[in-house]
Amino acid sequence: MRFSAMGDVAMTVPVVRSLAQQYPQLRITVLSKPFARPFFEGLAPNVGFMGADIKGEYHGLKGLNALYRRLVAKNFTAIADFHSILRSGYLRMRFNIGRYRVEHIDKHRAERRQLVAQGAAGGIVLPSSFDSYADVLARLGYPVRLEFKSIFPPEGGNLRLLPQQIGLRKVLEQWIGIAPFAAHPGKIYPTDKMETVVAELSRLHPSSRIFLFGGGGREREVLAQWEQRYANCLDASHLLGSLAQELVLMSHLDVMVSMDSSNMHLASLVGTRVVSVWGATHPCAGFMGWGQSTDDVVQVTMPCRPCSIYGNKPCQRGGYPCLTQISPADIVRKVELILNV
């Protein structure tokens, strides 16, 4: 079970897929927020999904008790808590009382504090979330080799499921994704600088298609402006109707440019190479996308990085120089290295 943000849930997919393939006799049910269903439907014949709105239908102790009764009815033999928060801890307690086999994730909190205190220069590298999830399964008696490429077949998702504006892929056309936003300011590259990246890629690749990914509100306004200014840009998130469709489109990109955000992980799940831009956070905290290389990371070395694990703390220096000091040319250069392979 994992109830958190999209990126954290996405990081469970390679582990669940590896478990399902290496233990085909197991019946696996993933418990998460309803949004995560597209990650797991069709992942493997022995994987099912159970959505639970723990802030709505299953809110509070009464709701968690109802959820526990629903879970017990499925006759599970082992419980893997990939989240380890108060809500999952309460469910874990109920399962322990019922004498189920239960294990939970080690979040390495002491090491995280040490990493933030010393900075990346201190040499501390935390285990990846993938390894931490796998450790839970190993303690339950199911060690796994992490083997995963994509939730889709090698040819990618079915483009015929997308709106006509996307169209079928042209053989000589390059598709570039840009996902310029994240949950916290410390992880968002300045909008004006990212527009410079978009403008330069548009100039260098006039026959390419640049797909923009983002949410609502101010994000939608920015992407709509870019779509109007650059002829080969398309606001994909506005056009597409679901997370499932976004995953299909991402599987056909030649490269994705993303922050340390959920879109980095979504692109990773479909086997797309990501140029990831890091500011207040740092790859050594264990949240790199699956299969991604540090060679494709864009970041500046600063003694205060990372100032937090999740990028949700105010900048002590003011203005997030960890982001503002990154040149748009550095991002474009990484993209060009991938496109020109």
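A few comments on the model shown:
- Ala10 being under 17 Å from the mean Cα position of the chain (by Cα) and either free of Cβ contacts under 8 Å to residues at least 12 places away in the same chain or closer than 19 Å to Phe152 by Cβ (or both): yes
- Any chance Gln114 is open to solvent by 60 Å² or more (accessible area, probe 1.4 Å), modelled with pLDDT under 95 and either touching a Pro at 6+ places or on another chain (Cβ under 9 Å) or not charged (D, E, K, R) (or both): no
- Residues located in region 291-330, provided they are in contact with a Ser or Thr (Cβ under 8 Å, 6 or more places away or on another chain), farther than 15 Å from Ser258 by Cβ and hydrophobic (A, V, I, L, M, F, W, C): Ile309
- Considering residues of region 135-180 that are over 22 Å from Ser208 (Cα atoms) and of a type in the set (Phe, Trp, Tyr) only, the residue least open to solvent (accessible area, probe 1.4 Å): Phe148
- Taking region 279-301 as the range and being over 14 Å from the mean Cα position of the chain (by Cα) and touching a residue at least 60 places away in the same chain (Cβ under 8 Å) as the test, the residues that pass are Gly279, Ala280, Thr281, His282, Cys284, Ala285, Thr301.
- Residues of region 121-131 that are within 14 Å of Met11 (Cβ to Cβ) and either open to solvent by less than 10 Å² (accessible area, probe 1.4 Å) or not in a helix (DSSP H, G or I) (or both): Leu126, Pro127, Ser128.
- Residue count for region 18-37 under the criterion of being open to solvent by less than 70 Å² (accessible area, probe 1.4 Å) and either out of contact with any Leu (no Cβ under 7 Å at 6 or more places or on another chain) or under 19 Å from Val136 (Cα atoms) (or both): the result is 13.
Okay, residues lined up against (1) more than 17 Å from Gln245 (Cβ to Cβ); (2) modelled with pLDDT under 90:
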position	(1), (2)
Ile166	no, yes
Glu173	yes, yes
Ile176	yes, no
Gly186	yes, no
Lys193	yes, no
Glu200	yes, no
Ser208	yes, no
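- The listed residue being aromatic (Phe, Trp, Tyr), at pLDDT 95 or above, within 28 Å of Asp260 (Cβ to Cβ) and over 16 Å from the mean Cα position of the chain (by Cα), out of Phe49, Phe40, Phe95: Phe49
- Pair list, Cβ < 8 Å and 6+ apart or interchain, from region 194-219 residues that are surrounded by fewer than 19 Cβ atoms within 10 Å (Cβ to Cβ) to residues that are acidic (Asp, Glu) and assigned to a loop (DSSP other than H, G, I, E, B): Ser207/Glu173; Ser208/Glu173
- Any hit, region 307-316, residues being in contact with a Phe, Trp or Tyr (Cβ under 7 Å, 6 or more places away or on another chain), open to solvent by 20 Å² or more (accessible area, probe 1.4 Å), part of a loop (DSSP other than H, G, I, E, B) and within 20 Å of Asp8 (Cβ to Cβ): no
- Residue in region 317-328 that is least open to solvent (accessible area, probe 1.4 Å), counting only those that are free of Cβ contacts under 8 Å to residues at least 24 places away in the same chain and either touching a Cys at 6+ places or on another chain (Cβ under 7 Å) or outside any loop (DSSP other than H, G, I, E, B) (or both): Pro321
- Criterion applied to Ala267, Ala244 was being in contact with a Pro (Cβ under 9 Å, 6 or more places away or on another chain) and either crowded, with 18+ Cβ neighbours inside 10 Å or in contact (Cβ under 8 Å) with a residue 12 or more places away in the chain (or both), and the one residue passing it is Ala244.
The values are calculated or read from the model by the stated rules, or taken from the named source; none is laboratory data. It should be emphasised that the depicted structure is a prediction, and the values quoted were computed from it without experimental measurement. Every residue, glycine as well, gets a Cβ built from its backbone with ideal geometry; the counts of neighbours run over all protein chains shown. Side chains are part of the model used for accessible areas, which takes the heavy atoms of the whole protein and leaves out ligands, DNA and RNA. Shrake-Rupley method; radii C 1.70, N 1.55, O 1.52, S 1.80 Å.
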